[in-house]
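Enquirer: Let me give you the structure first, and then I'll get to my questions.
Read-outs throughout are calculated quantities, based only on the coordinates presented, and are distinct from any laboratory measurement. Predicted model, so just to flag it, every value in this text is computed and none were measured. FYI the Cβ positions are ideal-geometry reconstructions off the backbone, even for glycines, and counts take in every protein chain you see.
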Amino acid sequence: MSKKVPVYVISGFLGSGKTTVLLHMLEHFKNEGLKPGIILNELGDENVENHLFQGERVVELLNGCICCTIQDDLKSTLDQYVGEKVDVLIIEGTGVANPLEIKDVLLTPMYMEYFELQSMISLVDASHYLEYQSFFNSSKEIRGLLKEQVTSAHLLVLNKMDLVSEKELIKVESKLADELEDHVPVYRTSYGEVPLEILLEKRMQMREVRVEKHVDGHDHDGHHHHHHHIEAVKVAFSEPINRVVLEKQLKKLSKQVVRSKGIVRLEETPGLYEFQYAASTLVLNRIEKTDVEPTIILIGKDIDDRKVERFCEALRGE
């Protein structure tokens, strides 16, 4: 099949500088002779910034957040880009969008065949961050959303540094350090100015593990991988699976795997089922499509291939 389209997701709370960063990336791609696609999400029924994207291939998702009311629209928009030649895709969520839900769609087996997530870029307005964290100045929902935007980041851009005192900056960075993984870089800037080599670095790793029957418990190349960042591991698995065994084995992987999804066959009932696994809970839904290859996707940190092999052996009852 043709080369996968690289995708960058830009998130951040209202006024954090997302569009500035997007335009910077857009200018670079055009100068490189690439054809970019853009998905913009706005809360209202009109995008007041559409004049900034004259002549570009832009799909606007209005009247809702990608993360909730119009997630189906995001999927249908991605379907459009499957059939249209673009060299790179940039998705900008609303200021109140949960980027984890955007990532969730991109890591669906059907879309992983066509798109390759490069990086989740989150912007934080340094001048208002502490205010938004305050119990007196914000709601529980806003604080939760800000946390999701920070914890989902592969790269965190701490913007509007020119508006923050040294004393306030120490407090902001201390608060962020409590929520960020150690491996996530923080770039401090003003006016959304971030070097392109930092913005465009591929920070989300995707690899496929080919697991044969009756393996000896070792990787086929004699070693296992340690990447020290969030990655997605894709495993083709065509045999029917026992639902109870699947849930039990996913729980066994919980130290390395924070999330899992995919499409499987069940022993109990014929047909294909899409599954989601998070917070130790397995949810299965039957799907009508019959032309989809059963696949398991494991999302986590430092996922060991040998444990993936043992996981698959257990699903087979070996």
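Enquirer: Calculated FRET efficiency, Lys202 and Gln276, Cβ-Cβ r, R0 25 Å, to nearest 0.05?
Expert: So the FRET efficiency works out to roughly 0.45.
Enquirer: When you count, for each residue, the other Cβ atoms within 10 Å and take the mean per peptide, how do 103-111, 152-160 rank with the highest first?
Expert: Ranking the peptides 103-111, 152-160 by packing returns 152-160, 103-111.
Enquirer: Follow-up question, since we're still on this one. Describe numerically, in nm with one decimal, the distance between label points set 7 Å from Cα along Cα→Cβ at Arg286 and at Lys167.
Expert: Modelled inter-label distance: 6.5 nm.
Enquirer: Suppose the chain between Arg188 and Lys255 were pulled fully straight at 0.36 nm per residue; how much longer would it get relative to their current alpha carbon spacing?
Expert: Contour length minus Cα-Cα distance gives 21.0 nm.
Enquirer: Which whole-number percent of Cα pairs in the range 245-318 have a distance greater than 21 Å?
Expert: 24
Enquirer: Turning to a different aspect of this structure: Tell me the label-point distance for the pair Ser174, Arg243, using the 7 Å Cα-to-Cβ offset, in nm and rounded to one decimal.
Expert: Each label point lies 7 Å from its Cα, and together they span 5.0 nm.
Enquirer: Right, here's the next one. Please sort 177-184, 246-253 by packing, taking for each peptide the average over its residues of neighbouring beta carbons within 10 angstrom, highest first.
Expert: Answer by packing, highest mean first, reads 246-253, 177-184.
Enquirer: If you average the C-alpha positions of the range 105-153 and of the range 242-315 separately, how far apart do those two centres end up, in angstrom?
Expert: Centre-to-centre distance over Cα atoms comes out at 26 Å.
Enquirer: Let me ask another. Spelling out what I want: for every residue of the range 272-277, take phi, set θ = phi - 60°, compute 6.51 cos²θ - 1.76 cosθ + 1.60 (Karplus), and round to whole Hz; glycine and proline get x.
Expert: In residue order, the calculated couplings are 9, 10, 8, 10, 10, 10 Hz.
Enquirer: Given Lys255/Lys301; Lys35/Lys103; Lys261/Lys301, which pairs have Cα atoms separated by over 19 Å?
Expert: Beyond 19 Å between Cα atoms: Lys35/Lys103.
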